[in-house]
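Each value in this text was obtained by applying a stated rule to the coordinates, not by laboratory testing. Keep in mind the model is a prediction, meaning the values are calculated, not measured. Every residue, glycine as well, gets a Cβ built from its backbone with ideal geometry; the counts of neighbours run over all protein chains shown.
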Amino acid sequence: MIGKLANWLRRNKLESGLERELRYHLDRRISDLEKRGLPSGEARRQALLELGGIAQIQEEVRDIWLTRWLRDFTYDLRLSLRSFLRTPSFCITAVLSLVLGIGATTAVYSLVDQVLLHALPVRQPERLVLIDWQGDQVANGFGSWNLMSYPICRDLDEQKQFFEGVFCRALTNVDLSTGGDYSAATVEIVSANYFSVLGVGPALGRVLANDDDGAPNANPVAVLSYDFWQTQLGGAPDVVGRKVLVNRHPLTIIGVAASTFKGIDVGQVPSMWIPASMSAEAIPGFNDLLDRRRRWMQVLGRLNPGVTLQQAQAGLQPWFKAMLQEDTRRAGFPVITADRRREFLGSSLVLTEAPQGHSSLRRHLSEPLWVLSAVTAVLLGLACLNVSGLFLARGSAQDREIGTRIALGASRGRLGRQLLADSILIALAGGLLGIAAAPIAVRTLIAFLPKGIAPTALHAGVDARVLLFAFMASVAAGLLSGLAPAWQAGRHSLVTSLRERGGTAGGIRLRKVIVTAQIALTLTLVVGAALFLRTLDELMAKGPGFKTSSLISFGIDPQRSGYAPAEANRLIRNIDEAIQQSPITQASAIARFPLLTGGSWNDPMTILTDKRITTDDVNLNSVTPGFFPTMGVRIVAGRNFNERDEHAPVNSGSAIVNEAFAKRYLEGRSPLGARICEGTGPEAKPNIEIVGVVSNFNYRGLREQSEQVFFPFFADAGANGTFYVRVRGAPESFLSSFRAIVHSADPALPMMDFRTLDEQVDRSLNTEHMLATLSGSFGMIALLLSLVGLYGVMSFVVTQRTREIGIRLALGAMRWSAIWLILRDALAMILTGTGIGLPFVWTLGRLVESQLYGVKASDPAVLVITILVLCSAGLGAALIPARRASSINPTDALRVE
Amino acid sequence: MRSPRFPIPQGTLDMLILQIVSLEPVHGYGIAQRLEQISRSVVQVNQGSLYPALHRLEQKRWLSAKWKESETGREAKFYALTTSGRKQLAAEKHSWAQLAGAVQLIFNEGGR
């Protein structure tokens, strides 16, 4: 195939070579024959006769070079190009439809590929697996998902009959300085075999080796990411041996990782990698590296060659069960109930393939991205139908030409192929422009993604995989849009086409089928868009349960700057007082954990009333007394915190719960006076008194409605804080004022995530915004495309029936009946399309159910309104040709023939 | 004037060309002359099918071609056997011999 294409490219050279070769043969033959005594004219004649026709040999040889169909196809393409240049407006409309379809599909595919499909740039990524604990680990933890403790990872690393190696990793945010000011940065804490198991080498210096991960605090080294080295250190060649400060602790740079490697989490590109032995430095206050009951790291392994995932998973269990037994006998294993112990011992290890690493972004985005892929695929199908319709329209205009070609002996297959060549040429042109537009489209898409992801994580460029996808999509689109016209050409009747002036009835029937299909697809897209818009609308209207206007928030983490917990609390208090005294402040408060960021502090709890109740995970936070008034959250029963609560001992103070908590766990009885505590074991001592109940508001995100418990801020042991301040006036303008306040408390303390709460709500609705906006625009485009299709067909119908309508009018039919004649046709198509579309709507609706809020996929109002919109828009489009029909002058119409 | 020669069996032309070229690099006309000699005595070869066959064998990379000065001083396209062409010729010779042997065996049996 490639060889043949190469032949096509050098066909001129091949031709002249063949001609020279044949001439040499002829000349030699003629001179040989002349030597034998033949007269020169006779010699020539005989030589030519022997060879049997030069032109025929040339044709035969050409077929060998290119094969028959390829030659025909290149001829077809040339013919198509010529005919397109004759009808540029047709050509532009068709190409534009496909640019929309192919561009959108390619852009979404580019994101799907980068976020969901792309394997890590490491050695044999297909052998990487994620190892996860199924069951109760009897452990406390922090972090995202699939967490285990560091010592268990080291144990797994020793199971060499299954794994080449097992490593663990955790992402954390630190204050980082390369000499100048501190700024917030993401680092990845890893076991020292991370690089060797992944098979990633250095771009400079060396990467971590096994002896870089010894006793806690023993290895103050770091490996920079290539991006960080380039952007923050200007790619300085002498960087190895320099020091960086992580939360004020100096670490020596030992190298830079390979340029293609960006960590194993798409979306979170770490600035550097730090050995797990230095985790206490990277996470202030964390000293539990060697604690088997502290889950905070993801564990991934590389399977040995020849070992399958199932073999490894099954083979690990005996060792794992023994390890569980051993764990229960270890010193420090918590006292737990018999039930919980049974659950712990019943745990198992689950292995999943992880060629793409581990990513929370992927977890959040996979469903929305698949939804978008489906939407763009439908849009592309619609664009193809549009082009089909255009081709059919052109086909009926070319009827006589086609009829003539058939009469001259062209085969129907050949004509069909010509039409396919037409549509593939159009599709490739569309694909080319689509690829040119793709980077812009991808950038637009990326702008919709969660703001937290690293700017270098995703790129808008067109790589080989995207190019291949766009090419395949174009060819598929070409074939798809050429199918109907080619089929129609195959059915062409010679007699009728030469006899009739207008298009054939078959042509118009097929065009109606296409428009009907378009309407069915449009219905699904418009209903989808309406559902996502309703979802966004519902969430925005509901709000987070507190007043967001004029409210700003920002965080500080003094422990990262080397403060001891008591000092840190003093600093937070100072800043709080300064904010309270500022003239721009209406009200202010502090919470330990920020709201609406997706995360939370959570733990199951024990409640003691007249009986002992244990709960599922409850979302926890600790707040200052000003918190509820500042946020505008009502105190429904009991009282707010006061100064005295702040000084009570941690485990016997007071707590406030929300209504959801009271409703679920106290079943309508008043929670006031009940005693609670964190944890659920027999050792849990519920000594904290519930003193108040507040109205519900959202903690992690706008969709969630959770049980919440609040503790007094300064009573708990943490030493970071998020300030919530309600200001007088436009909140955006106060960044510098608050920065000055923090700066005067400690000039070196970085301020994190300064933003208004309106902005925070927007951020937490990122995915919903993306789905609503994109499906809305795609729905609009779809509607437009099918209206154009409908208009085209109805105009054609009017032209075709001019005579009939003229006769009807001449016989005394009313004008409106002519209008109705056309509209009835259009309405039939719209209603049939709707009927066909409804089952699709139902099926797709079920697939997107989890993305919806406050609206059901089968919401009747949404369906009815969408169908009404579709009908009225469709009738509107058909009205234009219908009015033309009604204004037909009977005498003119009859004279046309 | 019916010729007593029989037409060349399908597919045998390629084998004959490979055989002729295997002796030394030769141009199209040279092959035609060799074929004519064979034709005169045994089989009948249509010269018109020679060039398509040559180009087919070149496409399959069994023959390589080079423009060189010929015995008359004019440039001509000389064909030579490639390594894979040599293998192909050996394979065809072998299967031909097997076929001929098998047919002969059947004839011998029938004659007995």
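Structural remarks
- When the alpha carbon gyration tensor of the stretch A:719-850 is reduced to an equivalent ellipsoid, its three semi-axes come out at 64, 19, 11 angstrom, largest first.
- Counting only Cα atoms, the size of the stretch A:174-268 along its three principal axes is 35, 31, 28 Å, in decreasing order.
- When only alpha carbons are used to place a centre, the stretch A:654-683 and the stretch A:384-442 end up 70 Å from one another.
- Computed from backbone phi with θ = phi - 60° and the Karplus coefficients 6.51, -1.76 and 1.60, the 3J(HN,Hα) list for the stretch A:630-644 is 4, 7, x, 9, 6, 8, 7, 8, x, 9, 7, 5, 9, 4, 5 Hz; x is used for glycine and proline.
- P(r) histogram, all alpha-carbon pairs of the stretch A:204-322 included - 10 Å bins from 0, percent: 11, 34, 32, 17, 6, 0
- Separation of the A:Ala861 and B:Leu99 label points, Cα + 7 Å toward Cβ, nm: 8.2
- DSSP finds beta bridges in chain A, and of those with both partners inside it, around 80 percent are antiparallel.
- The protein assembly as shown: Cys lacking any partner C-beta under 4.7 angstrom: A:Cys91, A:Cys384, A:Cys677, A:Cys871
- Label reach from A:Asp892 (point 7 Å along Cα→C-beta): in the stretch A:804-833, amide nitrogens under 19 Å belong to A:804-820, A:822.
- Computed log10 I(q)/I(0) for the stretch A:101-177 at 0.23 Å⁻¹: -1.17, from the Debye equation with unit scatterers placed on every C-alpha and solvent omitted.
- Computed from the C-beta positions of A:Ala476 and A:Glu646, the FRET efficiency with R₀ = 51 Å rounds to 0.15.
- The trypsin sites (Lys or Arg not before Pro) found in the stretch A:806-897 that occupy coil by DSSP, while having at most 13 further C-beta atoms within 10 Å, are A:Lys856.
- Proximity of backbone amide H atoms, modeled 1.01 Å from N, is registered between B:Glu75 and B:Ser70 at under 5 Å, excluding neighbours fewer than 5 places apart on the same chain.
- Relative contact order, percent, chain A [alpha-carbon distance under 8 Å, six or more residues apart]: 14
- Diffusion coefficient, µm² s⁻¹, Stokes-Einstein with Kirkwood Rh over alpha-carbon pairs of the stretch A:803-888 at 20 °C and 1.002 mPa s: 142
- Taking trypsin sites (Lys or Arg not before Pro) across the stretch A:110-192, the ones in a DSSP loop with at most 11 further Cβ atoms lying within 10 angstrom of their Cβ are A:Lys160.
- Pairwise label distance in nanometres, A:Arg509 with A:Ser183, each label 7 Å out on the Cα-Cβ vector: 6.9
- Using equal-weight Cα scatterers in the Debye expression, the normalised intensity of the protein assembly as shown in log10 at q = 0.04, 0.05 Å⁻¹ is -0.36, -0.53.
- FRET efficiency, A:Arg639 to A:Ser348 (Cβ-Cβ, R0 51 Å, nearest 0.05): 0.60
- Helix-derived mean residue ellipticity, 222 nm - over chain A, DSSP H n ≥ 4, -39500 (n - 2.57), to 500: -17500 deg cm²/dmol
- Translational diffusion of the stretch A:511-625, µm² s⁻¹ [Kirkwood Rh, Cα pairs; Stokes-Einstein; 25 °C; 0.890 mPa s]: 124
- The trypsin sites (Lys or Arg not before Pro) of the stretch A:20-53 that meet both conditions, a loop assignment by DSSP and at most 15 other Cβ atoms within 10 Å of the site Cβ, are A:Arg36.
- Here the scattering of the stretch A:156-217 is modelled by Debye summation over its C-alpha atoms, one equal scatterer each and no solvent; at q = 0.13, 0.17, 0.29 Å⁻¹ the log10 of I(q)/I(0) is -0.47, -0.75, -1.20.
- Taking a Cβ cut-off of under 15 Å around A:Val200, the surrounding Lys, Arg, Asp and Glu residues balance to a net charge of +1, with basic ones at +1 and acidic ones at -1.
- Under the Karplus curve 6.51 cos²θ - 1.76 cosθ + 1.60, θ = phi - 60°, whole-Hz ³J(HN,Hα) for the stretch A:217-233, x wherever Gly or Pro sits: 6, 8, 10, x, 10, 8, 10, 7, 7, 4, 4, 5, 4, 6, 7, 9, 10
- Centre separation in Å (Cα based) which lies between the stretch B:13-75 and the stretch A:199-236: 67
- Dimensions in Å of the stretch A:325-482 - Rg and Dmax from alpha carbons: 27.8, 96
- The alpha carbons of the stretch A:644-722 give a radius of gyration and a Dmax of 13.2, 35 Å, in that order.
- Proximal charge balance of A:Arg884 [Cβ under 13 Å; K/R count +1, D/E count -1]: +2
- Other residues within the sphere of radius under 12 Å centred on the Cβ of A:Thr609, judged by their own Cβ, net out at +1 (K and R +1, D and E -1).
- Relative to the longest principal axis of the Cα atoms of chain A, helix A:505-542 runs at roughly 10 degrees.
- Angle of helix A:309-329 to the longest C-alpha principal axis of chain A, folded into 0 to 90 degrees and rounded to 10: 10°.
- Under 25 Å from the Cα of A:Lys685 - lysines, other chains or at least 8 residues apart: A:Lys611, A:Lys663
- Taking 0.36 nm per residue of sequence separation and removing the Cα-Cα distance, the A:Lys13/A:Asp238 pair yields an extension gain of 75.4 nm.
- Using C-alpha pairs below 8 Å separated by at least 6 residues, the relative contact order for the stretch A:333-473 is 21 percent.
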